[in-house]
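Peer 1: Quick one: the structure is below, and I'll ask about it shortly.
The values are calculated or read from the model by the stated rules, or taken from the named source; none is laboratory data. These figures come from a predicted structure and were not determined experimentally. Neighbour counts run over all protein chains shown; Cβ positions are idealised from the backbone, glycine included. Side chains included, ligands, DNA and RNA excluded: accessible areas come from the protein's heavy atoms. Shrake-Rupley method; radii C 1.70, N 1.55, O 1.52, S 1.80 Å.
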Amino acid sequence: VATDDQGIPLPSGTATVFSATGQEIKTGGVFNGAFYINGLADGTYYLLLTNGSGLVDQLFDGLPCPGGSCDVTGGTAIVLGAPPAQQTLAASSGGRKVVQAGEQTRLSFTMDRGTVLSGSIQNEGNNPVQFANVYFFDSEGDFAGQATTDGLGNFESESSFPDGTYYAATSAPGKGGAGNGLVDEFFGDVVCLGECDPAVQLGTAIAVPGGLVDQIDIVLGAGKDISGTVTVQ
């Protein structure tokens, strides 16, 4: 089950199960605070809950994981159907939840509200850039979440962020950019040469909590064109 810090059920979201080595195994939907995933073999797993309701994504048990960008193997391991010797070892480690064969258990998530990031994207003519993605990165350059502009060019992050330092850009490696002949940028008027690489340029830092969380306004300029012809000799 999943609720916010006031006990209100999470209306929707996704529960993702990972293997002992951090590989994604299965996903299930969250509906009115409840999720259910079956068909798992005996073994060790990790569980991540992500959402679009303005709460902080969370790794079991109680670890903030915005955008699912954390190391999932740093969470509390869930050991299913462990034999007695392994149960004793797992229970003594303090970082595992042991479920014996034939036993049923209900995992509980209490998700914090955190801080929602918002702003706008316009072109140099002060026209809104519609349905463009904004990507957020943490201070290590890891993906931490995203948002999409509406018909007026405004956006609000799908999930919220715990305290920390973040950066925003209109493109990300392998995720495309704003398109329409516009040059992608980091928030802070830092132009990207192609895709915005968070490991190279980070633009203006967004401190959470802080004064810029609702003022992430980006103005994209039009890029230059290259054209030519191709002939066969």
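Peer 1: Could you check the spin-label model distance between Y36 and T73? Points 7 Å from the Cα along Cα→Cβ, value in nm.
Peer 2: So the two model labels end up 3.3 nm from each other.
Peer 1: I've got another one for you. Report in % the part of the accessible area of the chain that belongs to carbon and sulfur, leaving out ligands and nucleic acids; probe 1.4 Å.
Peer 2: Numbers: 5870 of 12270 Å².
Carbon and sulfur atoms account for 48 percent of the accessible area of the chain.
Peer 1: Let me ask something else about it. How much accessible surface does K97 have with a 1.4 Å probe, in Å² rounded to 10?
Peer 2: We get 70 Å² for K97.
Peer 1: Ignoring everything but the protein chains, give the 1.4 Å probe accessible area of L152 in square angstrom, nearest 10.
Peer 2: 130
Peer 1: Can you give me the angle between helix 84-93 and the longest principal axis of the chain, using Cα atoms only, in degrees from 0 to 90, rounded to the nearest 10?
Peer 2: 50
Peer 1: Around A172, what is the net charge, scoring Lys/Arg as +1 and Asp/Glu as -1 over all other residues with Cβ under 10 Å from its Cβ? Intermediate results must be reported in sequence, preceding the final value.
Peer 2: On the way: positive: K175; negative: D184, E195, D197.
Result for the local shell: -2.
Peer 1: From the P(r) of the chain, could you give the percentage of C-alpha pairs in the tail past 21 Å? If you can, show how the numbers build up before the last one.
Peer 2: Details: 16535 of 27028 pairs.
Within the chain, distances greater than 21 Å cover 61 percent of Cα pairs.
Peer 1: In percent, what relative contact order does the chain have, based on Cα pairs under 8 Å that are 6 or more apart in sequence?
Peer 2: Working: 565 pairs, mean separation 37.6, N = 233.
After rounding, I find 16 percent.
Peer 1: Here's a follow-up. At a probe radius of 1.4 Å, what is the per-residue accessible area of E24, in Å² to the nearest 10?
Peer 2: Estimated to the nearest 10 Å², E24 gives 120 Å².
Peer 1: Per residue, how large is the accessible surface of the chain? Use a 1.4 angstrom probe and give square angstrom.
Peer 2: Value for the chain: 53 Å² per residue.
Peer 1: Quick check: pseudo-label points 7 Å beyond the Cα along Cα→Cβ at E140 and A207, how many nm apart are they?
Peer 2: Placing both labels 7 Å along Cα→Cβ, they lie 2.2 nm apart.
Peer 1: Sort T16, T21, T110 by heavy-atom solvent-accessible area, probe 1.4 angstrom, most to least. Don't jump to the answer; show the numbers that get you there.
Peer 2: On the way: T16 15, T21 110, T110 80 Å².
Putting T16, T21, T110 in descending order of accessible area: T21, T110, T16.
Peer 1: Sorted by accessible area (1.4 Å probe), largest first, how do S108, S69, S227 line up?
Peer 2: On the way: S108 70, S69 35, S227 115 Å².
The ranking, largest first, comes out as S227, S108, S69.
Peer 1: Sticking with this structure for a sec: For the chain, set up a GNM with springs between Cα atoms under 10 Å and report which of A172, A207, A147 has the largest fluctuation.
Peer 2: A207
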